[in-house]
Amino acid sequence: MNFNGNFNHICDADVSPIQKLVNNLTEKHWALDISRQQKYDVHEDTATINLVHDPDFRHMNPSKHPALDVFGPVIQPVLAYIAQYYENKLANKTLIEQYGAGYFIRANIIKLKAGGTISAHQDKNFSLAHSHRIHIPIVTHEDVHFTVGDETVHIPVGEVVEINNRRFHSVSNNSEIDRVHLILDFVVPGEPCCCADKTHPGELCTPESCQATDRLMIPCYCHP
Ligand SMILES: [Zn+2]
Ligand SMILES: [Zn+2]
């Protein structure tokens, strides 16, 4: 989702119960879901544990994966906090009354290998343009740098941060340890993308009406 800024700090969470589970993951677990690094060149230094995920990047009816049975109980508190954070925003309250409760369309644990990078890119599909992308570092190091737009930061363990995934973003792990983030995509049903008022005023966003917007085939001057 595009917004006025690069990073939006939501809260700090105690992620030690998640850390414990992550530390017990073996190479075998990390090798189970390899579609992400195969599909996208920018993600070749990553490995993923899918909790809630669909390779087609759908925007509703997400698929839950077996690893969610293990991680679900320990991520539940932070998920609940994030859901409330978005649902309590005034504009979203009206949407939720009209279109139903918010939901996590994706939840994944993603490792960026020691020395690895994710090169600069913008997220360009319907669901990623219409959901809030939230990063929570579970294992990290001060030499891991996250750049969004013209801003580069280190996000410490347990900080819950939405990133502006419609701006160019990149990550470099200059440390000697593997970085592990919990990455969540939260949907407020009916929430428009930044260009909606301009491209289809008064109508809900749909994959058809937003296709040119999502892929940035038409220029976006929102939140410069
Ligand atoms: Zn839209
Ligand atoms: Zn826009």
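The values are calculated or read from the model by the stated rules, or taken from the named source; none is laboratory data. Note that this is a predicted model, so its numbers are computed, not measured. Quick reminder, even Gly has a Cβ in these numbers, built from the backbone with ideal geometry, and neighbours come from all protein chains shown.
Among the conditions (1) in a loop (DSSP other than H, G, I, E, B); (2) crowded, with 16+ Cβ neighbours inside 10 Å; (3) within 15 Å of ligand 1 (Cβ to nearest atom), Thr213 misses just one, which is (1).
Against the numbered list (1) crowded, with 21+ Cβ neighbours inside 10 Å; (2) closer than 26 Å to Val74 by Cα; (3) within 16 Å of ligand 1 (Cβ to nearest atom), Leu182 comes up short only at (3). When His141 is tested against the conditions (1) touching a Leu at 6+ places or on another chain (Cβ under 8 Å); (2) more than 12 Å from ligand 1 (Cβ to nearest atom), the lone failure is (1). Would you check which residues across the stretch 199-210 are within 10 Å of ligand 1 (Cβ to nearest atom) and either over 14 Å from Ser131 (Cβ atoms) or out of contact with any Phe, Trp or Tyr (no Cβ under 7 Å at 6 or more places or on another chain) (or both) and list them? Hits for the stretch 199-210 are Thr199, His200, Glu203, Leu204, Cys205, Thr206, Ser209. Only one of the listed residues (Asp178, Asp197, Asp143, Asp150) is in contact with a Lys or Arg (Cβ under 7 Å, 6 or more places away or on another chain) and acidic (Asp, Glu). That residue is Asp178.
Identification of helices (runs of 4 or more DSSP H) wholly contained in the stretch 1-101 with 1 or more residues that are modelled with pLDDT of 95 or more yields 16-23, 67-87, 90-99.
Scan the stretch 39-53 and give yes if some residue there is among the aromatic types (Phe, Trp, Tyr), surrounded by fewer than 19 Cβ atoms within 10 Å (Cβ to Cβ) and under 24 Å from His145 (Cβ atoms), otherwise no. So far as the stretch 39-53 goes, yes, one or more of its residues are among the aromatic types (Phe, Trp, Tyr), surrounded by fewer than 19 Cβ atoms within 10 Å (Cβ to Cβ) and under 24 Å from His145 (Cβ atoms).
Answer with yes or no whether Arg106 is within 16 Å of ligand 1 (Cβ to nearest atom) and part of a strand (DSSP E or B). So Arg106 fails the test.
For Thr117, the conditions (1) within 16 Å of ligand 1 (Cβ to nearest atom); (2) over 16 Å from His59 (Cβ atoms); (3) at pLDDT 95 or above are fulfilled apart from (1).
Tell me, please, whether a residue that is in contact with a strand residue (DSSP E or B) (Cβ under 9 Å, 6 or more places away or on another chain) and more than 17 Å from Asn6 (Cα to Cα) can be found in the stretch 191-200. Yes, that holds for at least one residue. Exactly one residue among Gly202, Gly190, Gly158 is away from ligand 2 (no atom under 16 Å from the Cβ) and modelled with pLDDT under 95, and that residue is Gly202.
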